[in-house]
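Structure record follows, encoded as structure tokens.
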Amino acid sequence: MTYSRIVGMGRYLPERVMTNFDLEKIVDTTDEWIRTRTGVERRHVVEEDQTTSDMCVESAKSAMDDAGVTPADVDMVITGTTSPDVVFPNVSTIIQHRLGIPACPAFSLEAACSGFIYALTVADKFIKAGEAKCVLVTGAECITKLLDWGDRNTCVLFGDGAGSAIVVPSAEPGILSCELGADGQYRELLHYPVGVSKNLAAAGTDEANIIMQGNEVFKVAVKTLGRIAQAALDKAGVTKEELDWLVPHQANIRIIQAMAKRLNMPMEKVIVTVQDHGNTSAASVPMALDVGRRDGRIKEGQLILMEAFGGGFTWGSVLMRM
Ligand code: COA
């Protein structure tokens, strides 16, 4: 049997850091409120002229170095993002061109915070079908460009970044199971109401802002993530006691703690970056995985559960051996 395996990871975070104290100067909030309600202490924010592809190119280079592959080896590029550079060409083709990756399928996936998990799942299927041999999978967001810096309900939560993985076929696992899902009935709870074929005229006005009913999102997120974590484990015939690491979407420390509790995992077995990154949407899971790998906590052969939840709602989990 052919598995797909992550053999290299990389991340890029913009240089500019905004702390909670910086936000205190902009909106009616406090460091204490943000830390206790969300776990966020600081976030990285792109410069005005910095784009999603700028970040993807850096994280992809780092992942290729880590995997020991060159652009010529890559035969598919998939990027999960809801904040691409432009409407088209899609951001994966921009990355492909900038890195000198030869002609191959290159496309983006729009699944909000679940973007990387969706993209990795697609890569897994192409590899298992024998149609790809080296896939560059990235989750990336310039989500701060969508924020209204006057809205304390949302501007304190998010940050920018990109995380990339190189995924190749392997006789050894590898990805053991993937679980994806979505339920559009929840769209109003978390959405951005301005787009290309709807409300385009409102771009740049007060209407263009992330709209979120935080506590409702919170409840559905915890319930759904608990269910899909178990589903991913059941599908692979693995028990939660066997897990070495949980690498969750970094939206809120309280959601992460609730998930760890459901899985009977001590927080020492959970990779947490929300304090340093904030919620970076599709970039959150791959950047957390990269942090855990590079600081030596996550080791080859260990069993890892990744999971994400985002606007739509969309959700997904991937169980894999590193
Ligand atoms: N600073 C200070 N006060 C704030 C604030 C801020 N940045 N943002 C909101 N508040 C206030 C609210 O106005 C409200 O005041 P009120 O009681 O006078 O009306 C109070 O804090 C409590 O708001 P509430 O929304 O009930 O807080 P909460 O405990 O639910 O925490 C979130 C808010 C957003 C942190 C939390 O609901 C959350 O993280 N939800 C999940 C969001 C998420 O994960 N989104 C992305 C999914 S991918």
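The values are calculated or read from the model by the stated rules, or taken from the named source; none is laboratory data. The shown structure was predicted, so the numbers you read here are calculated from the model rather than taken from an experiment. Here Cβ is always computed from backbone atoms with ideal geometry, including for glycine, and neighbour counts include all displayed protein chains. Calculation scope for accessible area: heavy atoms of the full protein, side chains included, ligands and nucleic acids excluded. Shrake-Rupley method; radii C 1.70, N 1.55, O 1.52, S 1.80 Å.
At-a-glance table
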item: Out of 58, 41, sole residue that is touching a residue at least 24 places away in the same chain (Cβ under 8 Å), among the acidic types (Asp, Glu) and within 16 Å of the ligand (Cβ to nearest atom); result: 41
item: Set 51, 81: member being closer than 19 Å to residue 285 by Cα, among the polar types (S, T, N, Q), within 23 Å of the chain's Cα centre (by Cα) and crowded, with 16+ Cβ neighbours inside 10 Å; result: 81
item: Sole residue being open to solvent by less than 70 Å² (accessible area, probe 1.4 Å), without any contact (Cβ under 8 Å) to a residue 24 or more places away in the chain and either within 17 Å of the chain's Cα centre (by Cα) or more than 16 Å from the ligand (Cβ to nearest atom) (or both), chosen from 205, 144; result: 205
item: Residues located in region 306-322, provided they are assigned to a strand (DSSP E or B), open to solvent by 10 Å² or more (accessible area, probe 1.4 Å) and touching a Gly at 6+ places or on another chain (Cβ under 7 Å); result: 315, 321
item: Residues of region 266-304 that turn out to be over 17 Å from residue 233 (Cβ atoms) and away from the ligand (no atom under 16 Å from the Cβ), as a count; result: 18
item: Selection within region 156-202 - more than 16 Å from the ligand (Cβ to nearest atom), in contact with a helix residue (DSSP H, G or I) (Cβ under 7 Å, 6 or more places away or on another chain) and small (Gly, Ala, Ser); result: 162, 164, 165, 177
item: Region 25-36 residues that are within 7 Å of the ligand (Cβ to nearest atom), paired with ones that are of a type in the set (Asp, Glu) (beta carbon under 7 Å, 6 or more apart); result: 30/24
item: Filter result for residue 32 (open to solvent by 30 Å² or more (accessible area, probe 1.4 Å) and either hydroxyl-bearing (Ser, Thr, Tyr) or within 17 Å of the chain's Cα centre (by Cα) (or both)); result: no
item: Any hit, region 116-139, residues being under 28 Å from residue 36 (Cα atoms), surrounded by fewer than 20 Cβ atoms within 10 Å (Cβ to Cβ), within 16 Å of the ligand (Cβ to nearest atom) and in contact (Cβ under 8 Å) with a residue 60 or more places away in the chain; result: no
item: Tally of residues being under 23 Å from residue 318 (Cα atoms), away from the ligand (no atom under 14 Å from the Cβ) and open to solvent by less than 50 Å² (accessible area, probe 1.4 Å) across region 208-227; result: 1
item: Odd one out for residue 232, checked against (1) part of a helix (DSSP H, G or I); (2) crowded, with 18+ Cβ neighbours inside 10 Å; (3) within 16 Å of the ligand (Cβ to nearest atom); result: (3)
item: Contacts under 7 angstrom Cβ, first residue in region 232-252 being without any contact (Cβ under 8 Å) to a residue 24 or more places away in the chain, partner aliphatic (A, V, I, L, M), 6 or more apart; result: 239/233
item: Odd one out for residue 268 among (1) exposed (fewer than 15 other Cβ atoms within 10 Å of the Cβ); (2) at pLDDT below 95; result: (2)
item: Residue list for region 305-314, restricted to those being farther than 14 Å from residue 119 by Cβ, more than 11 Å from the chain's Cα centre (by Cα) and either within 14 Å of the ligand (Cβ to nearest atom) or not hydrophobic (A, V, I, L, M, F, W, C) (or both); result: 311, 312, 313
item: Near pairs, Cβ below 8 angstrom, 6+ apart or cross-chain, from region 84-95 (in contact (Cβ under 8 Å) with a residue 24 or more places away in the chain) to any residue that is open to solvent by 30 Å² or more (accessible area, probe 1.4 Å) and of a type in the set (Val, Ile, Thr); result: 85/51; 85/94; 87/196
